[in-house]
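The structure appears below as structure tokens.
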Amino acid sequence: MTQRFVVIGNPVAHSKSPDIHRMFAEQTGLDIEYTTLLAPLDGFAEAVRAFRDSGGSGANVTVPFKEQAFELGKRHTARARAAGAVNTLIFNSNRIMGDNTDGAGLVQDLKGNLEFPVKGKRVLLVGAGGAARGVLLSLLDEVPASVTIVNRTVDKARQLAREFSSIAAFVIADPALQVKGGRPPQLPLIGGGFDDIRGREYDLVINATSTGLSGEELPLENTTFAQNGLAYDMMYGRETPFMQLAASTGVRTADGLGMLVEQAAESFHVWLGVKPETATVLEQLRRT
Ligand code: NDP
């Protein structure tokens with residue numbers, strides 16, 4: 001029997017998810033149907049329940065409903081709890097379960113497609129909205145050397161760093177630095193504003209702001225980007241001012257299309273127990 005999935009959002013017609021999941025289905029031979037579902041801004045929960053009651057098996061959730069999807073879930077994975085947002089709903093008999101695959105998608109894109117592991121890197125996460133929160137746990141899990149969060153509204157960056165500080169405290173930054181018999185060194189996790197990072201350099205700079213959509217520039221310096229580093233924009237489909245600035249310094253750049261494909265592959269795996277191959281799907285999307 002065909003299993004049915006949707007991506008729910010508003011707007012949602014532009015979503016690439018149906019194409020991605022169609023390619024996954026062809027590749028794995030699984031019988032699924034995946035379409036878009038436009039939910040009214042005040043009718044998200046009703047739209048989800050109606051789809052589930054009509055026999056739907058699961059759903060992806062996109063802007064602006066990820067926080068509402070978290071509220072709707074009766075149970076959450078640890079990564080969804082950390083994110084406070086859900087992009088993957090699993091319908092389990094009468095229960096709606098919530099997961100978040102964005103962070104896993106980003107890390108898999110960095111490690112697998114871009115061959116740029118986060119381990120040991122000085123990470124600068126620009127932005128403190130839903131996308132930044134959604135990837136923070138996965139980034140910390142990779143044991144970077146440090147994570148700095150900067151945001152236009154400085155308090156939001158500080159708050160995010162505080163919220164994740166107990167998790168960072170369990171990440172041992174570099175066991176080689178441990179003094180015999182002393183406490184293991186903790187991973188530095190700092191939140192602040194753009195003024196706080198003047199003159200500092202980072203190996204991995206991730207743009208998790210929505211400035212790619214508006215075309216606005218971020219107050220970053222040329223010196224923010226370490227040579228041999230990577231500037232990653234979660235936005236895809238256009239060259240953003242962030243990517244232009246990074247490219248002008250000679251640093252390698254990447255957009256968020258790989259993250260989109262990898263988070264979709266992780267959702268596919270959560271629903272169907274099969275991990276699709278992503279490189280050819282990404283290649284095909286880049287060609288269209
Ligand atoms: P939110 O609205 O939750 O957060 C927006 C963030 O951008 C805030 O930190 C905000 O700062 C900052 N911002 C907005 N305008 C400016 C500006 N002019 N200067 C500096 N900072 C600014 O959005 P999301 O976090 O949900 O999404 C962010 C981006 O991530 C989007 O472009 C989205 O497309 C992308 N994304 C990509 C995914 C993928 O799979 N590739 C997955 C998820 C998201 P402040 O707090 O001060 O307002």
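The values are calculated or read from the model by the stated rules, or taken from the named source; none is laboratory data. Keep in mind that what you see is a predicted model, and the values were worked out from it rather than measured. Counting neighbours? That spans all protein chains shown, and the Cβs are built from the backbone with ideal geometry, glycine included. Protein only, heavy atoms only, side chains kept; ligands, DNA and RNA dropped before computing areas. Shrake-Rupley method; radii C 1.70, N 1.55, O 1.52, S 1.80 Å.
Things worth noting here:
- Virtual spin-label span in nm between Arg200 and Asn94, 7 Å along Cα→Cβ: 5.1 nm
- Signed unit charges on C-beta, dipole axis of segment 149-288, positive-most listed residue Val281, Leu230, Trp271: Trp271
- Per-peptide average of other Cβ atoms within 10 Å, ordering 103-112, 10-19 highest first: 103-112, 10-19
- Förster-model FRET efficiency, 30 Å R0, Arg49 and Thr2, C-beta, rounded to 0.05: 0.90
- Here the extension length gained between His269 and Glu283 equals 3.0 nm, from 0.36 nm per residue of separation less the Cα-Cα distance.
- Highest average first, the peptides 32-44, 85-97, 125-137 ordered by how many other beta carbon atoms sit within 10 Å of their residues are 125-137, 85-97, 32-44.
- Calculated log₁₀ intensity ratio I(q)/I(0) where the Debye formula runs over C-alpha points of segment 1-89, q = 0.17, 0.18, 0.20 Å⁻¹: -0.71, -0.79, -0.96
- C-alpha long axis of helix 44-53 to longest principal axis of the chain, angle in °: 50 degrees
- Total charge dipole magnitude, segment 107-234, about the Cα centre, Cβ charges on Lys, Arg, Asp, Glu only, Debye to nearest 20: 500 debye
- Tail beyond 28 Å, pair distance distribution of the chain (Cα, percent): 38 percent
- To the nearest ten degrees, helix 257-272 and the longest principal axis of the Cα atoms of the chain are 50 degrees apart.
- Debye, to nearest 20: dipole size of segment 176-282, +1 on Lys, Arg Cβ, -1 on Asp, Glu Cβ: 480 debye
- Solvent-accessible area per residue, Å², over segment 181-271 with all protein chains present [probe radius 1.4 Å]: 44 Å²
- Protein accessible area in the chain, 1.4 Å probe - carbon and sulfur %: 50 percent
- Around the Cα centre of the chain, unit charges on the Cβ atoms of Lys, Arg, Asp and Glu (plus for the first two, minus for the last two) sum to a dipole of about 700 debye.
- Between helix 17-28 and the chain: long-axis angle, C-alpha atoms, 0 to 90°, nearest 10: 80 degrees
- Between Ala13 and Asp42, the contour length at 0.36 nm per residue exceeds the alpha carbon distance by 8.6 nm.
- A simple spin-label model places pseudo-atoms 7 Å from Cα toward Cβ; at Ala169 and Arg152 they are separated by 3.3 nm.
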